[in-house]
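The values are calculated or read from the model by the stated rules, or taken from the named source; none is laboratory data. Worth saying up front: this structure is predicted, and the values here are computed from it rather than measured. Reconstructed Cβ throughout: ideal geometry from the backbone, glycine too, with neighbour counts over all protein chains shown.
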Amino acid sequence: MGCLFLLIWSCRKTASVRPGPQPYTLELPADFPAPVYDMSQNPLTVQGVALGRRLFYDPRLSRDSTISCGFCHQQFAAFAHFDHPLSHGIDNNTGFRSVPGLFNLIWQKDFMWDGGVNHLEVQPLTPITDPNEMGEDLGRLISRLNADQQYRAMFNDAFGEGEINSQRLFRALAQFMATMNSFHSKYDSVMRKLPGAQFTPEEANGYRVFQEKCAACHKEPLFTDGSYRNNGLPYNPYLHDAGRMRITNSTGDYLKFKVPSLRNILKSPPYMHDGRFYDIFNVFDHYAEGIEQTPTIDPLVRNGIPLSVSEKRELYFFLNTLTDHTFINSKALSEILIDN
Amino acid sequence: MKPKALLYIFFMLLMACKKEKQEQGTLQLTFTNVVNGAALTLNTASYTNAAGEAFTVSAFRYYISNITLVRMDNSEVKLADTYFLVDESKPASRTLQVMAPRGEYRAFSFLLGVDSVRNVSGAQTGALDPVNGMFWSWNSGYIMAKMEGTSPASAAAGQALTFHIGGFRGEYNAVRRISLVSPISLTVAADRKPDVTIKADLYTWFSLPNQVQFAQTATIHVPGEDAWKISENYSNMFRITSVTDL
């Protein structure tokens, strides 16, 4: 009788224990290089990714609860800020650079236009604490999350019982960001020789123009080589932006900025680190005839990149094949309404 | 294998485990922050730097990590990765409990700062949690040591002094290895826990070899040459003032 009671009791106990976090299977393209972000240190789980998504769309991460990460990083613009040349923040503040699109971040070795941030996990610290963006104090934010019953439960489900600390916050956000990957564009289908996938003659011509004139910096398949270059943009006297020199203190890095990926480029205007060009044809015109000569100018653009009218048109059609509709319409990444 | 042999192996394993545990003891490092020999009092006390400028201190913090002990035969024992943030405003943070193998030591060294690996390893916890205000967000990396205060000589807003010293790369690496020889040997044993009191003198930050005048330099908050020069100065910051057995 006693044994039976013990058995029942032990069964009850097991049933009341919460299931641990379930592994999240991340689909990665075989034709991409190995990711830079070491996910073995922060294994993706269903609960962790869901928590990261909630945090990404929660305006309470900002000081006055008005601005979430998703406020500036809009899915339909490949998580760039559509139509906004410079980043926006609380108190009507404006930053001094454009909002980069967010995708394929696990293949990036450093972040920001100047490469100042060296790890995916510490990237969110910048927008969260920057007075021109979300303007919040990290300690206050951690206290607020700890005071929220729902967040405590979600963090416990994702990382086990315990206080919420900044590492758990950053790792949850990193887990969600690790799922923001774009590799289902028409270009990818053509490269993978999927049935029925082929470029139109104009796209094919554009691809040839791209390979000849753009691919050295915008290297496939990520469409960036991750380097910092001075692409000959005329100096903007209002922003006084020295580019990567701000990080390295090296005059050799004056006016150098990260080579951005061209994936989803037609969905994420305006262009350049200061969002000065609203139309991709302005970008073509810049490379063709707008190069300003400065000592750190990149040798590949020093003499301009001649582009005829038809080449620009074909390039436009090719860039259009880099739009990933699966990505920008993915329900798994879309905004969730946070009912506070 | 005979059960007896198994039992023997099991016993040996147990012994090995026991031995491992027995070997550990504690070394206590107590930091006493001063300015030119006078006790450091935050906010209210006024001090004078080597250039003759008056100043007050509102914050004083630094990282201690990567501790290595030197045995009597000069062989070295690298201790487990532990990171301490000594913060003048938190008295408990000034006493470090360092786990160390039992033995006799003549000297030790530590990093004043955080090694390069932890500067590039993403989100950290404990002393290295960015919530401690010792991590640069816009240019990833730890502030190795920080001093804030005011000086009538400062031309910055609010006559502020802001010395955030960091940088872990290249020629302007601000991480410093500090080596201290103990005046008497340090014996870590079951019943012996040496307590080493180390004086940290903030005065050194602005004196030799790179004297700082607050009228010219009141703010450093980026890695680079200026920060590195302060790190040259603060590498002379520590002196052992006493050793006692607890």
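Give the residue that is farthest from B:VAL175 (Cα to Cα), with candidates limited to residues of segment B:207-241 that are under 17 Å from the mean Cα position of the chain (by Cα), in contact (Cβ under 8 Å) with a residue 60 or more places away in the chain and in a loop (DSSP other than H, G, I, E, B).
Among those residues, the one meeting the criterion is B:MET237.
Quickly run through segment B:119-163 and pick out the residues that are away from chain A (no Cβ under 14 Å), among the hydrophobic types (A, V, I, L, M, F, W, C) and assigned to a loop (DSSP other than H, G, I, E, B). Let's see the steps before the verdict.
Filtering segment B:119-163 down to residues away from chain A (no Cβ under 14 Å) leaves B:144-163.
Among the residues that remain, those that are also among the hydrophobic types (A, V, I, L, M, F, W, C) are: B:144-145, B:147, B:153, B:155-157, B:160-161, B:163.
Passing the criteria: B:ALA153, B:ALA155, B:ALA156.
From the list A:LEU105, A:LEU28, which one is closer than 23 Å to A:LYS267 by Cβ, surrounded by fewer than 19 Cβ atoms within 10 Å (Cβ to Cβ) and not charged (D, E, K, R)? Full working, then the answer.
Values: A:LEU105 fails: surrounded by fewer than 19 Cβ atoms within 10 Å (Cβ to Cβ).
Answer to the selection: A:LEU28.
For segment A:248-267, how many residues meet the condition of being within 14 Å of another protein chain (Cβ to nearest Cβ), buried (at least 18 other Cβ atoms within 10 Å of the Cβ) and modelled with pLDDT of 95 or more?
Residues in segment A:248-267 being within 14 Å of another protein chain (Cβ to nearest Cβ), buried (at least 18 other Cβ atoms within 10 Å of the Cβ) and modelled with pLDDT of 95 or more: 1 in total.
Would you check if A:PRO19 is more than 20 Å from the chain's Cα centre (by Cα) and away from chain B (no Cβ under 14 Å)? It would help to see each step written out before you state the result.
On the way: more than 20 Å from the chain's Cα centre (by Cα): yes; away from chain B (no Cβ under 14 Å): yes.
Taking the combined requirement at face value, the residue satisfies it.
Would you tally the residues in segment A:119-135 being within 11 Å of another protein chain (Cβ to nearest Cβ) and either crowded, with 23+ Cβ neighbours inside 10 Å or within 16 Å of the chain's Cα centre (by Cα) (or both)?
Number satisfying all stated conditions: 11.
Restricting attention to segment A:105-118, does a residue exist that is of a type in the set (S, T, N, Q), part of a loop (DSSP other than H, G, I, E, B) and more than 14 Å from every other protein chain (Cβ to nearest Cβ)? Walk me through how you get there before you give the answer.
Of all residues in segment A:105-118, those of a type in the set (S, T, N, Q) come to A:108, A:118.
Filter again for part of a loop (DSSP other than H, G, I, E, B), leaving A:108, A:118.
Next cut, more than 14 Å from every other protein chain (Cβ to nearest Cβ) only: none.
So far as segment A:105-118 goes, no, none of its residues is of a type in the set (S, T, N, Q), part of a loop (DSSP other than H, G, I, E, B) and more than 14 Å from every other protein chain (Cβ to nearest Cβ).
Between a first residue in segment A:157-174 that is under 14 Å from A:GLY20 (Cβ atoms) and away from chain B (no Cβ under 11 Å) and a second residue that is part of a helix (DSSP H, G or I) and not aromatic (Phe, Trp, Tyr), which pairs have beta carbons less than 6 Å apart while being 6 or more apart in sequence or on different chains?
A:ASP157/A:GLN47; A:ALA158/A:GLN47; A:ALA158/A:GLY48; A:ALA158/A:LEU51; A:PHE159/A:ARG168
Which of the numbered conditions does A:LEU239 fail, given that it passes all the others? Conditions: (1) touching a residue at least 60 places away in the same chain (Cβ under 8 Å); (2) touching a helix residue (DSSP H, G or I) at 6+ places or on another chain (Cβ under 9 Å); (3) hydrophobic (A, V, I, L, M, F, W, C).
Failed condition: (2).
If I ask for residues that are under 13 Å from A:ASP58 (Cα atoms) and either within 11 Å of another protein chain (Cβ to nearest Cβ) or surrounded by fewer than 18 Cβ atoms within 10 Å (Cβ to Cβ) (or both), which ones from segment A:136-147 would you list?
A:LEU141, A:ARG144
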